[in-house]
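The values are calculated or read from the model by the stated rules, or taken from the named source; none is laboratory data. From a predicted model like this one, the values you see are computed outputs, not experimental measurements. Here Cβ is always computed from backbone atoms with ideal geometry, including for glycine, and neighbour counts include all displayed protein chains.
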Amino acid sequence: MTTPAKLTPLSARKLLLRSIAMEDGEALDSGDLGFMARAMVQATLPHRDPKAMQFTRRNGDFSLTITAMAPGVGLPYGRYPRLLLAWIATEAVRTKSPDLVLGRSMSGFMEQLGLIPSGGRWGTVPQLRNQMTRLFRAAFSCAYTDADRMAGVNMAVVEAFDLWWEPKHPDQPNLFESTISLNQRFFNEIVNRPVPIDMRALEALKGSSLALDIYFWATYRASYLKRATEIPWKSLQDQFGSDYADTKQGRHGFKREFLEKLTMVRAVYPDLDFSEGEHGLLAFPSRTHVPKRPPSGG
């Protein structure tokens, strides 16, 4: 059995402090309850720029295909679209409306995502702006296909968007508020079947798109897992990391990356009982990260 890569002392300390804070107050009671769209948990966005107009991720009979709707824009990838989707789902559930207000300043919105504004080519401001453009101008096709049936839905995340921010002056409030209107199908998917998450976990894991994916999926899987299951590495790679070279334990192999990020996830989600198995990931029944509350008595 191989050992996953260790966290650096600094990152381990940050995750430990975050885990302690999360234990002091559950998300339901602390105002940190968030949500994620189920379709984006079952199959994930690219981690790196695929440099293509279309990308497909598979999870068994389920597939998610993302298509860039405008030439030269590209597909969403990395951590920013994931943080955006979590914010969008959380706001949609909270407000019960497909029309969401992002605010008058870009820095104010970035604060809600847990991001610190910075400029330059690789700064958070231009990167977020770029990924918002990619996400808002992409089409998503979800499909279930087996020997007996094929079913699916085609949709965008955002039906319309109106962003008034000036990227060179992210702190400057605009006269008008930036807004987005969600696609009705996507909005219905969110409010009818959201995956509960703890937003403090996103704050702790926001540096890694793979760690975010594992966290979303793990707490969702824990909501229905009834017995120990070993999930083959190849299946996990199809779902999480088809843009990694292979499943081997090499320097940049998917398996090594997955186990390293799983260590990060378990640091903030200690009830998660997932570990390395002989041929894949061993998943045991675990408590969801946002505990389920029994119906209140009369």
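For the structure I just gave you, tell me whether L212 is hydrophobic (A, V, I, L, M, F, W, C) and not assigned by TED's automatic domain parsing to the domain that holds F55.
Criteria met by L212.
Looking at D61, is it of a type in the set (D, E), at negative phi, in the same structural domain as I214 (by TED's automatic domain parsing) and modelled with pLDDT under 95?
No: the conditions fail for D61.
So, in the stretch 171-200, how many residues would count as being aromatic (F, W, Y) and surrounded by fewer than 16 Cβ atoms within 10 Å (Cβ to Cβ)? Even if it seems obvious, please write down each step before you answer.
Going through the stretch 171-200, the residues aromatic (F, W, Y) turn out to be 176, 186-187.
Okay, now just the ones that are also surrounded by fewer than 16 Cβ atoms within 10 Å (Cβ to Cβ), so 176.
The qualifying residues number 1.
Can you list residue pairs whose Cβ atoms sit under 9 Å apart, with the first residue in the stretch 270-291 being of a type in the set (S, T, N, Q) and the second being part of a loop (DSSP other than H, G, I, E, B)? Count only pairs 6 or more apart in sequence or on different chains.
Hits for this filter: S275/F284; S286/L225; S286/Y269; S286/D271; S286/L272; S286/D273; T288/S223; T288/D271.
Might you check whether a residue that is in contact with a helix residue (DSSP H, G or I) (Cβ under 6 Å, 6 or more places away or on another chain), closer than 16 Å to M155 by Cα and of a type outside the set (S, T, N, Q) occurs anywhere in the stretch 115-134?
Taking every residue of the stretch 115-134 in turn, none turns out to be in contact with a helix residue (DSSP H, G or I) (Cβ under 6 Å, 6 or more places away or on another chain), closer than 16 Å to M155 by Cα and of a type outside the set (S, T, N, Q).
Scan the stretch 43-101 for residues that are surrounded by fewer than 17 Cβ atoms within 10 Å (Cβ to Cβ), farther than 16 Å from L182 by Cβ and of a type in the set (D, E, K, R) and jot them down.
R48, D49, K51, D61
Filter the stretch 209-248 for residues that are of a type in the set (S, T, N, Q), in contact with a helix residue (DSSP H, G or I) (Cβ under 7 Å, 6 or more places away or on another chain) and modelled with pLDDT under 95; which is nearest to L84 (Cα to Cα)?
Within the stretch 209-248, the match that is nearest to L84 (Cα to Cα) is Q237.
Residues are listed down the side, and each one gets a yes or a no for (1) modelled with pLDDT of 95 or more; (2) out of contact with any Pro (no Cβ under 9 Å at 6 or more places or on another chain); (3) farther than 21 Å from A204 by Cβ:
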{"position": "I88", "(1), (2), (3)": "yes, yes, no"}
{"position": "T95", "(1), (2), (3)": "yes, yes, yes"}
{"position": "P98", "(1), (2), (3)": "yes, yes, yes"}
{"position": "L102", "(1), (2), (3)": "yes, yes, yes"}
{"position": "M110", "(1), (2), (3)": "yes, no, no"}
{"position": "G119", "(1), (2), (3)": "no, no, yes"}
{"position": "G123", "(1), (2), (3)": "no, no, yes"}
{"position": "Q127", "(1), (2), (3)": "yes, yes, no"}
{"position": "M132", "(1), (2), (3)": "yes, no, yes"}
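Name the residue, out of S209, S223, that is touching a His at 6+ places or on another chain (Cβ under 6 Å), of a type outside the set (A, V, I, L, M) and touching a residue at least 40 places away in the same chain (Cβ under 8 Å).
Exactly one residue qualifies, and that residue is S209.
Being of a type in the set (G, A, S) and not in a helix (DSSP H, G or I) is the filter; apply it to the stretch 215-232 and report the residue that is nearest to the chain's Cα centre (by Cα). Steps first, answer last, please.
Of the stretch 215-232, the ones of a type in the set (G, A, S) are 218, 222-223, 228.
With the extra rule that they be not in a helix (DSSP H, G or I), the set shrinks to 223, 228.
Values: S223: 17, A228: 25 Å.
So, considering only residues that are of a type in the set (G, A, S) and not in a helix (DSSP H, G or I), the one nearest to the chain's Cα centre (by Cα) is S223.
Would you check which residues across the stretch 134-161 are among the polar types (S, T, N, Q) and surrounded by 15 or more Cβ atoms within 10 Å (Cβ to Cβ) and list them? Working first, answer last.
First, the residues of the stretch 134-161 that are among the polar types (S, T, N, Q): 141, 145, 154.
Once the filter is applied, which keeps residues that are among the polar types (S, T, N, Q) and surrounded by 15 or more Cβ atoms within 10 Å (Cβ to Cβ), the stretch 134-161 yields only S141.
Given (1) more than 23 Å from L85 (Cα to Cα); (2) in a strand (DSSP E or B); (3) acidic (D, E), identify the lone condition not met by D148.
For D148, the exception is condition (2).
I'd like the full set of residues that are among the hydroxyl-bearing types (S, T, Y) and more than 18 Å from the chain's Cα centre (by Cα), limited to the stretch 112-124.
Within the stretch 112-124, S118 is the sole residue that qualifies.
Could you list all residues from the stretch 63-111 that are basic (K, R) and under 20 Å from the mean Cα position of the chain (by Cα)?
Answer for the stretch 63-111, where residues must be basic (K, R) and under 20 Å from the mean Cα position of the chain (by Cα): R79, R82, R94.
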